[in-house]
Amino acid sequence: MLIAFEGIDGSGKSTQARLLAESLAKSGVIVELTREPTKEGSAGVLLRKELVEVSHEPDPRYMQLLFVADRAWHVANFILPKINHGAVVITDRYIDSTRVYGAASGLEIGWLTQLNSKFPKADITFILDITPEEAEKRLASRNSKKEIFESKKMLIKLRSAYSRISRGKTGYHVINANRSQDEIHTEIASIVREALKQK
Ligand code: ADP
C-alpha cells in the first residue's frame, strides 16, 4: 500500500506522516516513511538547492522536470522495492505536489499529469487542508530561510489547487489540518486502519 501526504508547507505533513508510521509500526505493520524531494537522488539534491530562495527565479518547467526526475529515482529505488517486500510506504509529498505546484507556477496541468502517468498511484492521499495564516504561523517558528513557494499569495493559490484536484476523487481524503496534532492523527489512523482491513 502507498499512502501520500499532500498540502501546503506548514500544513503538518511530516508530523502526520511520522505519527502514522509510528502508530502502524506499533501494531506490527511493516512501514517505511519517506519524502520528496529525496535527499538521496541526484535530482533531489539539485532541487533542494534551487528551492531555497535565491537571487534568480528558477524556470518553472525546469523545476517540475527535476521533481519528476527525482520521483522516477524514488519510485525505482525506494517505493517499489519496499512495496514489493510487503511494506506500507508513507510518502510526504508525491505526484499531486507536481500537479499543484506546477499549475500554480503557470504550467499546463495536462502536461504535468502526463509526466507522472507511469508512476504507481497512491492508494490513499491525505490532503492536509489548512488556512494560509495558520500555516505561516507554524512556518515562522520553524524556518530560517523562506522557500520560493512560501509567499502568502502562493500559499492561497496552492490551497485552492489542492482542493480542486481532490474534490470527489476516490482515494482522496481532505483533512481539516487546523486542529491539534492528536485530533488529526486520530482521523487519519482510523481511515488507514479501515483500508488495511479491506486489503
Ligand atoms: P509540513 O511537513 O507540511 O511542512 P510540518 O509537519 O513540518 O509541516 O509542521 C510545520 C510546523 O508546525 C512544525 O513546527 C510542527 O511541529 C508544527 N505543527 C505540525 N502540526 C501541528 C498542529 N496540528 N498544530 C500545531 N502545530 C503543528
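A compact table of results
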read-out	value
Residue in the stretch 65-77 that is open to solvent by 30 Å² or more (accessible area, probe 1.4 Å), closer than 26 Å to residue 185 by Cα, of a type outside the set (Asp, Glu) and without any contact (Cβ under 8 Å) to a residue 24 or more places away in the chain present	no
Residue match in the stretch 61-76 (condition: within 15 Å of the ligand (Cβ to nearest atom), among the hydrophobic types (A, V, I, L, M, F, W, C) and out of contact with any helix residue (DSSP H, G or I) (no Cβ under 8 Å at 6 or more places or on another chain))	no
Unique residue being within 21 Å of residue 156 (Cβ to Cβ) and of a type outside the set (Lys, Arg) when the list is 47, 107, 65	107
Index of the failed condition, residue 2 passing every other in (1) open to solvent by 60 Å² or more (accessible area, probe 1.4 Å); (2) in contact with a Lys or Arg (Cβ under 8 Å, 6 or more places away or on another chain)	(1)
All helices (runs of 4 or more DSSP H) inside the stretch 99-199 with 3 or more residues being within 16 Å of the ligand (Cβ to nearest atom) and in contact (Cβ under 8 Å) with a residue 60 or more places away in the chain	132-140, 152-166, 181-198
Complete set of residues in the stretch 169-185 that are within 19 Å of the chain's Cα centre (by Cα) and not charged (D, E, K, R)	170, 171, 172, 173, 174, 175, 176, 177, 178, 181, 184, 185
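For every residue, the table says whether it meets (1) more than 23 Å from residue 199 (Cα to Cα); (2) away from the ligand (no atom under 15 Å from the Cβ).
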site	(1), (2)
13	yes, no
18	no, no
21	no, no
28	no, yes
40	yes, yes
50	yes, yes
57	yes, yes
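The values are calculated or read from the model by the stated rules, or taken from the named source; none is laboratory data. Keep in mind it's a predicted model, so treat the numbers as computed, not measured. As a convention, Cβ positions derive from the backbone with ideal geometry for all residues, glycine included, and neighbour counts pool all protein chains shown. Ligands, DNA and RNA are stripped out before the accessible areas are found, and what is left, the full protein with its side chains, is counted by its heavy atoms. Shrake-Rupley method; radii C 1.70, N 1.55, O 1.52, S 1.80 Å.
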